[in-house]
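Trainee: Structure provided below as structure tokens; questions to follow.
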Amino acid sequence: MDPLSEVLSLLRTRSYVSSGFRAGGEWSLHFALKDDVIKCYAVEAGGCWLAVDGIGERVRLEAGDCFVLPSGRPFRLASDLTLSPMDSKAVFPPALPGGTVTLNDGRDLLLVGSRFTVAGRHAGMLLKMMPPIVHIRKDVDQAALRWSVARMREELRDGQPGGALIAQQLAHMMLVQALRLHLLEGVHEPGWFAALTDTRLCAAISAMHANPAERWTLQELAAEAGMSRSVFAQRFREAAGETPLEYLTRWRMLLAGEELEVGRSVSAIAPALGYASESAFTSAFKRVMGCTPRDYLNKSKTRLPLQAAQTGRDTHRRLRG
């Protein structure tokens, strides 16, 4: 798979809610940090302002626009961003699939959309790789995303057999569609996505993903990118915000986490990811994941769902080539 597909395949979506929001008059709402939640919305009528914490850009949303918030950061929606925000929990009751929340007279804005959580011990780390805002403005691009939002609302509202599985697939499809469009439009903020938009850097990332067990050197990765060692190292760090070998180690540890959760031993995982010894692998795992492989498993408080097991089998096949 390509790097974007591989990263997204590690996100296991669940707990889907699709609903609407109407607002009128003057209002401002603050939505708290949800580091395991992805939100996808379409503006059906009216307009409002969007501001994501830590991002200087303020986004004006108008009828027809679609936007996705993949990173789980706190954000504000408002008729006027200079107004003091109210906690969204004061307005939004426990969500009802297909329901609509109305603020004030509800005449100036109608948003419809879906939100879903992502499972997995390292979901937070994966979401940090995503852009904070994906704003879809072009009519032809909006159509596919709006169809997905509408279809998910129908599936969750109607409760037909198989609806949960369809909602799961739609959630992934919305995320992939939005991120693909974001890549095509060009990415300006430093991060993993900025590196993917650079065809030379993406060639090196693809090589790391295709063979994570290879004991890659900076020189070899530069050759994959068709660049000199020094230029490649500088360009990668400027685009991605980390060195190529730091990225490689983090990607290996994400794969290792999947393997650990489906029962593979450290002695099997270490050589499959290019480590000559279990101790070298364990040190790298602790540095990236913040705990030892054993602690990683001991902290897991829920049973492994079927989809996680399937993801692990897919990862196992990828490691074995």
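Trainee: Does the range 176-184 contain at least one residue that is buried (at least 18 other Cβ atoms within 10 Å of the Cβ), modelled with pLDDT under 75, outside any strand (DSSP E or B) and out of contact with any Cys (no Cβ under 6 Å at 6 or more places or on another chain)?
Mentor: No - not one qualifying residue is present in the range 176-184.
Trainee: For the structure I just gave you, tell me whether residue 100 is closer than 30 Å to residue 299 by Cα and either at pLDDT 85 or above or among the β-branched types (Val, Ile, Thr) (or both).
Mentor: no
Trainee: Which of the residues belonging to the range 266-286 are part of a helix (DSSP H, G or I) and in contact with a helix residue (DSSP H, G or I) (Cβ under 7 Å, 6 or more places away or on another chain)?
Mentor: Residues satisfying the conditions are 266, 267, 269, 270, 272, 278, 281, 282, 284, 285.
Trainee: Residue under question is residue 169, and the condition is that it be in a helix (DSSP H, G or I), free of Cβ contacts under 8 Å to residues at least 40 places away in the same chain and closer than 30 Å to residue 142 by Cβ; does it hold?
Mentor: Judged against the criteria, residue 169 is a match.
Trainee: Okay, moving on. Quick one: is residue 148 buried (at least 17 other Cβ atoms within 10 Å of the Cβ) and modelled with pLDDT of 75 or more?
Mentor: Criteria met by residue 148.
Trainee: Just for the range 8-50: of the residues that are at pLDDT 80 or above and not in a strand (DSSP E or B), which one is most open to solvent (accessible area, probe 1.4 Å)?
Mentor: In this case the residue turns out to be 26.
Trainee: Could you list, in sequence order, all residues of the range 190-246 that are acidic (Asp, Glu) and in contact with a Lys or Arg (Cβ under 6 Å, 6 or more places away or on another chain)?
Mentor: none
Trainee: In the range 158-172, what count of residues is obtained for those that are open to solvent by less than 70 Å² (accessible area, probe 1.4 Å) and either farther than 30 Å from residue 269 by Cα or aromatic (Phe, Trp, Tyr) (or both)?
Mentor: Qualifying residue count for the region: 7.
Trainee: Conditions: (1) over 23 Å from residue 3 (Cα atoms); (2) modelled with pLDDT under 90; (3) not charged (D, E, K, R). Residue 266 meets all but one. Number of the miss?
Mentor: (2)
The values are calculated or read from the model by the stated rules, or taken from the named source; none is laboratory data. The structure presented is a predicted model; accordingly, all values stated were derived computationally and were not measured. Here Cβ is always computed from backbone atoms with ideal geometry, including for glycine, and neighbour counts include all displayed protein chains. Side chains included, ligands, DNA and RNA excluded: accessible areas come from the protein's heavy atoms. Shrake-Rupley method; radii C 1.70, N 1.55, O 1.52, S 1.80 Å.
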